[in-house]
Amino acid sequence: MWLAVIAILIGLAILVWSADVFIDGATALAIKLRMPSFLIGVIILGVGTSAPEMVVSVLAALEGSPELALGNAYGSNIINIALVLGATVLISPIIIHKGVIKRDLPILVVITALAAWQLRDGLLSLTDGLVLLGMLVLVLGIQIVLSLREGKSNDADAITESLSDTEHNHPSLMRGLGSLLIGLSMLVASSQAIVWGAVELATFWGLSELIIGLTIVAVGTSLPELVASLSAARKGEHDMALGNIIGSNIFNTLGVVGLAALIAPITANPIILSRDILAMGLITLLLVVLCVFAFMTKRPFGRISGATLVMFFVGYTLWLMQTANM
C-alpha cells in the first residue's frame, strides 16, 4: 500500500512540475511561430492546464480502468469550479464581463447537458467519443472566430505575458521545443505512476476506481488550474482566472472524456448520473447564477460567491464519502 501512496505523491509532484514545463514550452513555440495571440491563450490555458487530466484519463482507458478516467474528468470539473475558482475569488474578486454571460457560460451549460444526456444509458460508446471530440473542434472554432471578430485578443496578450517568465521573454525555438517534449514525457511518466498507485489503493481499500478518480486523482490533476488561477488573481489577471476554469472544464468534458471513450467504451456506474453528473450540473448552474447576479448588479464576483462555491465542494465531498461503497 505504501508503495502506491508514494507513487501517487511523487507522481502528483512531478505532474505539476511537468505541466508547468509543458505550458512554458508551448508558449515559447506559439510566440516563435507567430500564432495569433488569442490562439495562444486558448491552447495554453484550455489545453495546457488540462494536459494532466487528458494524459491520466487516456492511460487509464488504455490500461482497462475507464471509470478512473471518467471520475478524473468529472471530478476535476467539480473541483475546478467549487474549489479552484472558489479559492481564487476569496483572494481576489473577479469582474464579470458581457462575453462570459453571452458566450462562455452558455457553451459550458450546453456541454454539461450533453455529458448528462450521453450517460443516460450508462454507456459512453465510440460514437459518443466522436461526438464529444467533434463538439470540441466546433466550440474552439466558434470561440476563435467570435473572439477575433470582437477584437478581444488583448486578454490573450496578458495571458502570454503572465505565463512567460521575464527571463524567458524570447526563448529560442529549440528551447521551447525541448521544454515541450520534456514536459510531455514527464506528464506521461508521472500519470502512469498516478494511475498505477490509484488502482492499487482502490483495490487495497476496497473502493471503486471511480471514487479514487473523483478524489485523489481529480484533486491532483486540478493542481495546474489552481496554480494558474491563483497566480492570475495575484497579478490582477481576473479574466484569465475565470477563463482558465471555463476553458479547462470544456476541454475536460469534450476532449478528455471523448478521447477515453474513443480508446475503449466506458460502462458507467449508475451513481455517476445520480450523483456526480448531478453535482457537476448543479455547480455549473450555480456558477451561472452567481455570475449573472454579479453582472446584473455590477458587483464583483467576490468573496461571498467564493465561500458559496467552497461550501458546495465541502458538501459534495461529504456526499461522496457517504456513498463511497455504492
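Below, the figures for the structure above:
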| read-out | value |
| --- | --- |
| Output for the range 267-292, where each listed residue is assigned to a helix (DSSP H, G or I) and among the β-branched types (Val, Ile, Thr) | 271, 272, 277, 283, 284, 288, 289, 292 |
| Test: residue 112 is in a helix (DSSP H, G or I), farther than 25 Å from residue 303 by Cβ and modelled with pLDDT under 70 | no |
| Members of the range 127-148 found to be over 23 Å from residue 280 (Cα atoms) and surrounded by 12 or more Cβ atoms within 10 Å (Cβ to Cβ), listed by number | 142, 144, 146, 147, 148 |
| Only one of 254, 187, 226, 262 that is assigned to a helix (DSSP H, G or I), aliphatic (A, V, I, L, M), at pLDDT 75 or above and surrounded by fewer than 24 Cβ atoms within 10 Å (Cβ to Cβ) | 262 |
| One residue from 99, 86 being touching a helix residue (DSSP H, G or I) at 6+ places or on another chain (Cβ under 9 Å), modelled with pLDDT of 85 or more and of a type outside the set (Val, Ile, Thr) | 86 |
| Single residue of 31, 6 found to be among the aliphatic types (A, V, I, L, M), more than 18 Å from the chain's Cα centre (by Cα), at negative phi and modelled with pLDDT under 85 | 31 |
| Hits in the range 293-326 (condition: touching a Leu at 6+ places or on another chain (Cβ under 8 Å) and assigned to a helix (DSSP H, G or I)) | 303, 305, 306, 307, 308, 309, 310, 312, 313, 320 |
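The values are calculated or read from the model by the stated rules, or taken from the named source; none is laboratory data. As the structure is a prediction and not an experimental result, all values here were calculated from the model. FYI the Cβ positions are ideal-geometry reconstructions off the backbone, even for glycines, and counts take in every protein chain you see.
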